[in-house]
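Trainee: One structure coming up, written as C-alpha cells, with questions to follow.
The values are calculated or read from the model by the stated rules, or taken from the named source; none is laboratory data. Just so we're clear, the structure is a prediction, and the values are computed from it rather than from any experiment. Cβ coordinates were reconstructed from backbone atoms using ideal geometry, including for glycine residues, and neighbour counts include every protein chain displayed.
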Amino acid sequence: MVMVSATEMINKAHEGHYAVPAFNINDLEWIKAVLAGCQQAESPVILGVSEGAGKYMTGFKTVADMVRDVHDAMGITVPVALHLDHGTFEGAKACIEAGFTSVMFDGSHYGFEENLEKSKEIIALAHSKGISVECEVGGIGGTEDGVTSAGELADPKECATIAALGVDFLAAGIGNIHGIYPANWQGLNFERLQEIQDAVNGKPLVLHGGSGIPFEQVHKAITMGVSKVNVNTELQLVFAKATREYIEAGKDKEGKGYDPRKLLKPGADAITAQCVTMCEAFGSKGKA
C-alpha cells in the first residue's frame, strides 16, 4: 500500500470512536520500529516529524524518501501518513513540496487573524495536491522544538472559524502539554473539549501531548471527538530505558563489541512493543 493522506483514516476513526496514533520519528531506527509495531497491531498510523527532527535527518526530502523506501522494503500494508508536526508556515510549504502526505500548520502563536489567513493559504495549497491539513488553536503546554506554551485553553469560537476553512482535523488546547506531565497537572478540561466539539460541528479533533495522560482521560477524550493522539515522549522514555539496561548489563561489549546495530536494537524493539500497546489503548488495533 502506498502512503496516504491522513484524511480517510482520521474520518474512519472519528466515525468508529477510536483514535489514530501519531508517533514521532527521529531516525531510521524509529521509522522501522514504529512501522513494525503498527503493522503488527494492524493499525493505521501517522508518522509525525517535527521541524527539528527533519533538520536532524538532513531535510524533509530525505525524510520523505527514507520513509517511502523503508515502508516499501518492509512490505507495510497498513495505511501510513507522513505528517509534519507543529510546522511553521514555511515549513508546511516545504513539506508539501518534499512529498509529505499530511502537514500541520501551527499558527497558534500568531494573533488569531494572522493564524486564520495563514491557515487558509496552507489548506488551499495542501488540498490542491491531495494532502491533509491539521491546524492549531490555543497553545499546547510544555516545549516543542524550543517553542514553549503555557497550554492556554482554546477559544471555541476561534476553533469554529478555523474548522470552517475546511481543515481536515484540528488541534485545540484543552490543558494538555508536551513532555513530562508535572505532579500538579490539573488534567484535561473536558468541559472545554465539549464546547469545542459542539462549536466545530463534529470536526475530528487532535490530542497533543498524549504521553503521560492517564488512559482513562484519553479514552474519555476519544469518546468526545478526539480522533488522533500524538505520542513522542513515551517512545523516547522506553527507548532510553531499554538502551541503558542493555549497556549497563555489558551486552554492548559482547562479540566484536560496540556494534551500533546491536546497541540500538533493544531500544527499537521497545518502541515497537510500546506502539502496539498504544494502538490497543487508542482502539486503533485491527482497524487497518
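Trainee: Just wondering, is there one or more residues in the stretch 116-135 that are modelled with pLDDT under 95 and buried (at least 21 other Cβ atoms within 10 Å of the Cβ)? Don't jump to the end; show me each part of the working.
Mentor: Initial filter on the stretch 116-135 (modelled with pLDDT under 95): none.
Scanning the stretch 116-135, I find no residue that is modelled with pLDDT under 95 and buried (at least 21 other Cβ atoms within 10 Å of the Cβ), so the answer is no.
Trainee: So, one more: For the stretch 149-192, which positions are modelled with pLDDT under 85, surrounded by fewer than 17 Cβ atoms within 10 Å (Cβ to Cβ) and either within 19 Å of the chain's Cα centre (by Cα) or assigned to a helix (DSSP H, G or I) (or both)?
Mentor: Once the filter is applied, which keeps residues that are modelled with pLDDT under 85, surrounded by fewer than 17 Cβ atoms within 10 Å (Cβ to Cβ) and either within 19 Å of the chain's Cα centre (by Cα) or assigned to a helix (DSSP H, G or I) (or both), the stretch 149-192 yields GLY179, ILE180.
Trainee: Tell me which residues, restricted to the stretch 1-39, are of a type in the set (D, E, K, R) and either crowded, with 22+ Cβ neighbours inside 10 Å or not in a helix (DSSP H, G or I) (or both).
Mentor: Going residue by residue through the stretch 1-39, those that are of a type in the set (D, E, K, R) are 8, 12, 15, 27, 29, 32.
Scanning the stretch 1-39 gives a single hit, ASP27.
Trainee: Of the residues in the stretch 176-213, how many are over 18 Å from ASN24 (Cβ atoms) and either free of Cβ contacts under 8 Å to residues at least 24 places away in the same chain or touching a Gly at 6+ places or on another chain (Cβ under 6 Å) (or both)? Even if it seems obvious, please write down each step before you answer.
Mentor: Start the filter on the stretch 176-213 by keeping residues that are over 18 Å from ASN24 (Cβ atoms), which leaves 182-205.
Next, from what is left, pick out any that are either free of Cβ contacts under 8 Å to residues at least 24 places away in the same chain or touching a Gly at 6+ places or on another chain (Cβ under 6 Å) (or both): 182-186, 188-189, 191, 197, 205.
Number satisfying all stated conditions: 10.
Trainee: Oh, and also: Is it the case that the stretch 75-87 has a residue that's at pLDDT 95 or above and in a helix (DSSP H, G or I)?
Mentor: no
Trainee: Right, another one. Kindly indicate whether GLY87 is within 18 Å of ALA22 (Cβ to Cβ), surrounded by fewer than 23 Cβ atoms within 10 Å (Cβ to Cβ) and either within 18 Å of the chain's Cα centre (by Cα) or among the charged types (D, E, K, R) (or both).
Mentor: Numbers: within 18 Å of ALA22 (Cβ to Cβ): yes; surrounded by fewer than 23 Cβ atoms within 10 Å (Cβ to Cβ): no; either within 18 Å of the chain's Cα centre (by Cα) or among the charged types (D, E, K, R) (or both): yes.
It is false that GLY87 is within 18 Å of ALA22 (Cβ to Cβ), surrounded by fewer than 23 Cβ atoms within 10 Å (Cβ to Cβ) and either within 18 Å of the chain's Cα centre (by Cα) or among the charged types (D, E, K, R) (or both).
Trainee: Taking the conditions exactly as written (over 21 Å from GLY173 (Cβ atoms), assigned to a helix (DSSP H, G or I), in contact with a strand residue (DSSP E or B) (Cβ under 8 Å, 6 or more places away or on another chain) and β-branched (Val, Ile, Thr)), does VAL70 satisfy them or not? Write out each step before concluding.
Mentor: Values: over 21 Å from GLY173 (Cβ atoms): yes; assigned to a helix (DSSP H, G or I): yes; in contact with a strand residue (DSSP E or B) (Cβ under 8 Å, 6 or more places away or on another chain): no; β-branched (Val, Ile, Thr): yes.
Spelling it out, it is not the case that VAL70 is over 21 Å from GLY173 (Cβ atoms), assigned to a helix (DSSP H, G or I), in contact with a strand residue (DSSP E or B) (Cβ under 8 Å, 6 or more places away or on another chain) and β-branched (Val, Ile, Thr).
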